[in-house]
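Peer 1: Could you have a look at this structure, given as C-alpha cells, before my questions?
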Amino acid sequence: MKADFIPLNLRGGMALVRKSLFSFTASRGFFWTLAVSWMMAPLILMFVWVAAAGNGTIGGLGKSRFISYYLCLMLVNQLTYPTSHWTIGDNIRLGTLSTWLMRPLPIIYEAVASDMALKVVCMPLVLILTAVLAVFLGFGTGIDPGLMPVFIPVLLLACVLRFILAYTLSLSAMWTQKTDSLLSVNDILVFLLAGQAAPTGLLPGILRTASEYLPFRYMLGFPVEIVTGMLTNRQILTGLLVQTIWLFGIFVVQRSVYRRGIKRFTAAGG
Amino acid sequence: MMRYFRLLGVFLKGSLQSETAYRFNFSANMFRTLLNLGGSIGGLAIVFNNTSSINGWGYNELAALLGVYLLVLGLKDLVIGPGLEALSGLSGDLWTGQFDYVLLKPVQTQFYISFRKWSIWSVVDIAFAVVILAVSVSAIFRSGTVSASNAADFSQLGRILLFIAALLISLVLVYSVLLILASAAFRYLGTPLMWIFDSLIQTGRYPVGIYPGVLRIALTWLIPVGFMITVPAQALSGTSNMTVLAGGACLAAALFCLSAVFFRSGIRKYSSASS
C-alpha cells in the first residue's frame, strides 16, 4: 500500500474539506452544542482559580491574569482540539475505511478535512461567546501584539502535534477493537498536564517537570503561556525545541504505525 | 399503584438482561470512571497545592462536593438519563417515530418514558461516589465543625438527615430539568438539548458561590445546579441554611409540575416521524 507516498494532492484535500464543511454546517446546532461543552472545563477552572486567588496572587498570577489566561486557553483549546480520532476507530472496525482507501488521497486527508471543517463551523460561536465573556469579566492585561509572530507558528505546531498524536492513537484500532480507553487516557493527560487544570507553572514538582518534557503542554498550554506573556525568551526557545522534537518523533511513529496497520486491515467480514 | 411498582421491576429486569450480555462494557465503564476520578481528584489536588481554601471551602468539603456531584450524575445515568435519551437523543424515539408505540402502551406515558431503561453499569459510578463521600465526610466530621456565619450547628446525624433531604430535592430537580429539555425535542429536533444539561451540570464540580453575579443567580434558580449539588454538600459540611433548603423544595415542586405540563403539551405537538 503506497497511499502514504502520494504527493500532496491539495485540490482533492480541499474537496474533502468542502464536503465535510457542507455536511457539518447543515447540522451546526449539533456541533455548537459540542463546542459549548468543550468550553465548559476552561471556563469553570477560570472561576476556580479566580476564587482561589481572591484579591491576592497565586504563583505571581492575580485575578486578571487568570481571566486572560483561561480565555485564551478556551480559544486555543478549540483551535487545537481534534475530533476525527474518535470516529476513525469506528471506520476501521466497520470497514468504511475501505472507501477512504479507494480515493487517490492518503486516508489522513479525511481526518484533516473533518477537523478543519469542524473548526470553521464552530469558530463563529466560540469567538462570540469568548468575546462576550471577555467584555463581562474584563479582559484587561495580557496580550502583547508583539508576540504574535511567535504565537501563531507555535499555535499551528500545537494544532498539528495534538492532531497527529490523537490520529496515531486512533490507528491502533487496526489491532484492537476498542480505542476509546486509549483516547480517554490521552484526554486526561491533556487535562492535567497541558495547562487546563492549572497553568503549568502552578503544577506541583514532578507534574511540572513532566509537563515540560511530555508533549501535552505543547499542544495547548505553551502557546497560551506565550501570548499571555508568562514566558521569557529563553523559555520560549526551549519550548519550541521540545515541541518540534515531539512533532517529528510522533510523525515518524505515525508513519510506521500506519504502514504496519494498513497491512492488517481487512475491512469488515474478512 | 402496585402495578407501577411491579412494572419498575420488569423494566429493571429487562435492562439487566440486555446489559449483562455485554460484559466488556463493565470493565470499560470501570476504566472510564477511574480515569475521570483521577482527573477530578488530580485537578482538585493541583488547586489545593496552591491554596488552602476556595471561597471558604476546604479540601475535604470540596471532595465531599465532588462525591455529591458524582452520586447525582450516577443516579441520573442509572435510570432517568437512559430513558429520556432513548426518547429525545440522536436516533431516539422522536427521530425514528417509534414514539407511536410508546403512546400505545397501556401505561401512563411519562412514567413509562422515565423509567423504562436502566443503565446497570452506572452502579460502578455510584459505588465510587459513595466511597468518596464516606472518606471525605468522615474527614470533615473528625476535623470538627466548619465555622460559617449563618450556619446552624447540627449534629452529625442531623447533617446526614439534612443531606438525604437535600439529595431528594436535588434528584427531583434533575428529573424535572431533564424532562423539560427532553420534551423540547417535540418542538425542536436540531440537537439533543439534554446534552446542554451535561455541559452545565459540570459547573457543579465546584460550589456555586465561586461564580460571579448573574451566572450564580442563573445557576441557582434557572438551571439549579446550585440546589442539585452545592446544597446537599453544604448539608454534609454543616453549613446548610434552612431558608435555602426550603426554597429548593419549593423550586423542586414548581419545576416538577411545570415539566409534567410541558411534557404533556409536547405530546400534543407530536405528529410521528413521517411527513
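The values are calculated or read from the model by the stated rules, or taken from the named source; none is laboratory data. Computed from a predicted model, the values in this text were never measured in an experiment. Here the Cβ is made from the backbone with ideal geometry for all residues, glycine too, and neighbour counts use every protein chain on show.
Peer 1: Identify all residues within the stretch B:196-222 that are touching a residue at least 40 places away in the same chain (Cβ under 8 Å) and buried (at least 20 other Cβ atoms within 10 Å of the Cβ); write none if there are none.
Peer 2: B:201, B:204, B:205, B:206, B:207, B:210, listed by residue number.
Peer 1: Can you confirm whether the stretch B:118-126 contains a residue that is of a type in the set (Gly, Ala, Ser), part of a helix (DSSP H, G or I) and modelled with pLDDT of 90 or more?
Peer 2: Within the stretch B:118-126 (the criterion being of a type in the set (Gly, Ala, Ser), part of a helix (DSSP H, G or I) and modelled with pLDDT of 90 or more), the answer is no, since none of the residues qualifies.
Peer 1: While we're here: Is one or more of the residues making up the stretch A:24-44 aromatic (Phe, Trp, Tyr) and modelled with pLDDT of 85 or more?
Peer 2: yes
Peer 1: Here is a further query. Looking at (1) surrounded by fewer than 24 Cβ atoms within 10 Å (Cβ to Cβ); (2) away from chain B (no Cβ under 12 Å); (3) β-branched (Val, Ile, Thr), which one does residue A:224 not meet, given that it meets all the others?
Peer 2: Result: residue A:224 passes all but (1).
Peer 1: Here's a follow-up. Please give the number of the condition residue A:65 fails out of (1) within 10 Å of another protein chain (Cβ to nearest Cβ); (2) surrounded by 22 or more Cβ atoms within 10 Å (Cβ to Cβ); (3) of a type in the set (Lys, Arg).
Peer 2: (1)
Peer 1: Evaluate the stretch A:155-176: report whether one residue or more is farther than 26 Å from residue A:24 by Cα and either without any contact (Cβ under 8 Å) to a residue 24 or more places away in the chain or surrounded by 22 or more Cβ atoms within 10 Å (Cβ to Cβ) (or both).
Peer 2: Yes, the conditions are met somewhere in the stretch A:155-176.
Peer 1: Within the stretch B:153-173, does at least one residue satisfy the condition of being in contact with a helix residue (DSSP H, G or I) (Cβ under 6 Å, 6 or more places away or on another chain), surrounded by 21 or more Cβ atoms within 10 Å (Cβ to Cβ) and within 14 Å of chain A (Cβ to nearest Cβ)?
Peer 2: Among the residues of the stretch B:153-173, not one is in contact with a helix residue (DSSP H, G or I) (Cβ under 6 Å, 6 or more places away or on another chain), surrounded by 21 or more Cβ atoms within 10 Å (Cβ to Cβ) and within 14 Å of chain A (Cβ to nearest Cβ), which makes the answer no.
Peer 1: Oh, and also: What pairs come out if I take residues in the stretch B:22-38 that are more than 8 Å from chain A (Cβ to nearest Cβ) and within 20 Å of residue B:69 (Cβ to Cβ) and pair them with residues that are in a helix (DSSP H, G or I) and of a type outside the set (Gly, Ala, Ser) whose C-beta lies under 6 Å away, six or more apart or interchain?
Peer 2: B:29/B:124; B:30/B:124; B:33/B:124; B:33/B:125; B:33/B:128
Peer 1: Taking the stretch B:181-195, which residues are surrounded by 17 or more Cβ atoms within 10 Å (Cβ to Cβ) and either under 11 Å from residue A:29 (Cα atoms) or under 21 Å from the mean Cα position of the chain (by Cα) (or both)?
Peer 2: Across the stretch B:181-195, the qualifying residues are B:181, B:182, B:183, B:184, B:185, B:191, B:192, B:193, B:194, B:195.
Peer 1: A further question on this structure: With farther than 22 Å from residue B:225 by Cβ and either among the polar types (S, T, N, Q) or assigned to a loop (DSSP other than H, G, I, E, B) (or both) as the only criterion, which of B:114, B:52 stands out?
Peer 2: Testing whether each residue is farther than 22 Å from residue B:225 by Cβ and either among the polar types (S, T, N, Q) or assigned to a loop (DSSP other than H, G, I, E, B) (or both) leaves just B:52.
Peer 1: Regarding residue A:79, is this residue more than 8 Å from every other protein chain (Cβ to nearest Cβ), aliphatic (A, V, I, L, M) and either outside any loop (DSSP other than H, G, I, E, B) or closer than 19 Å to residue A:133 by Cα (or both)? Spell out the reasoning first.
Peer 2: Details: more than 8 Å from every other protein chain (Cβ to nearest Cβ): yes; aliphatic (A, V, I, L, M): yes; either outside any loop (DSSP other than H, G, I, E, B) or closer than 19 Å to residue A:133 by Cα (or both): yes.
So residue A:79 passes the test.
Peer 1: It is to be established whether one or more residues within the stretch B:10-19 are within 12 Å of chain A (Cβ to nearest Cβ) and in a helix (DSSP H, G or I).
Peer 2: no
Peer 1: Could you count how many residues in the stretch B:43-89 are in contact with a Lys or Arg (Cβ under 7 Å, 6 or more places away or on another chain) and either more than 14 Å from chain A (Cβ to nearest Cβ) or among the β-branched types (Val, Ile, Thr) (or both)?
Peer 2: Restricting attention to the stretch B:43-89, the residues satisfying the condition of being in contact with a Lys or Arg (Cβ under 7 Å, 6 or more places away or on another chain) are B:66, B:69, B:82-83, B:86.
If we keep only those that are either more than 14 Å from chain A (Cβ to nearest Cβ) or among the β-branched types (Val, Ile, Thr) (or both) as well, we get B:82-83, B:86.
So the count comes out to 3.
Peer 1: Hey, another quick one. Going by the conditions given, is residue A:196 in contact (Cβ under 8 Å) with a residue 24 or more places away in the chain, assigned to a loop (DSSP other than H, G, I, E, B), within 12 Å of chain B (Cβ to nearest Cβ) and surrounded by fewer than 20 Cβ atoms within 10 Å (Cβ to Cβ)?
Peer 2: For residue A:196, the condition - in contact (Cβ under 8 Å) with a residue 24 or more places away in the chain, assigned to a loop (DSSP other than H, G, I, E, B), within 12 Å of chain B (Cβ to nearest Cβ) and surrounded by fewer than 20 Cβ atoms within 10 Å (Cβ to Cβ) - is not met.
Peer 1: If I go through the stretch A:199-210 residue by residue, how many of them are within 11 Å of chain B (Cβ to nearest Cβ) and without any contact (Cβ under 8 Å) to a residue 24 or more places away in the chain? I'd like the intermediate steps shown before the answer.
Peer 2: Quick first cut of the stretch A:199-210, residues within 11 Å of chain B (Cβ to nearest Cβ) only: A:199-205, A:207-208.
Pick out the ones that are also without any contact (Cβ under 8 Å) to a residue 24 or more places away in the chain and you get A:203-205, A:207-208.
Final tally of qualifying residues: 5.
Peer 1: So which of A:184, A:256 ends up being without any contact (Cβ under 8 Å) to a residue 40 or more places away in the chain, more than 23 Å from residue A:74 (Cα to Cα) and part of a helix (DSSP H, G or I)?
Peer 2: A:256 is the lone residue from the list that is without any contact (Cβ under 8 Å) to a residue 40 or more places away in the chain, more than 23 Å from residue A:74 (Cα to Cα) and part of a helix (DSSP H, G or I).
Peer 1: Separate question: Only one of these conditions is not met by residue A:183: (1) within 14 Å of chain B (Cβ to nearest Cβ); (2) closer than 21 Å to residue A:60 by Cα. Which number is it?
Peer 2: (2)
Peer 1: Tell me, yes or no, whether the stretch B:173-186 has at least one residue that is modelled with pLDDT of 90 or more, closer than 22 Å to residue B:64 by Cα and of a type in the set (Gly, Ala, Ser).
Peer 2: no
Peer 1: Still on this structure: What tally of residues in the stretch B:210-227 results from selecting those that are within 9 Å of chain A (Cβ to nearest Cβ) and modelled with pLDDT of 90 or more?
Peer 2: Of the residues in that region, 2 qualify.
Peer 1: Quick one: which of A:146, A:138 is modelled with pLDDT under 90, within 14 Å of chain B (Cβ to nearest Cβ) and surrounded by fewer than 16 Cβ atoms within 10 Å (Cβ to Cβ)?
Peer 2: Numbers: A:146 fails: within 14 Å of chain B (Cβ to nearest Cβ).
Unique residue meeting the criteria: A:138.
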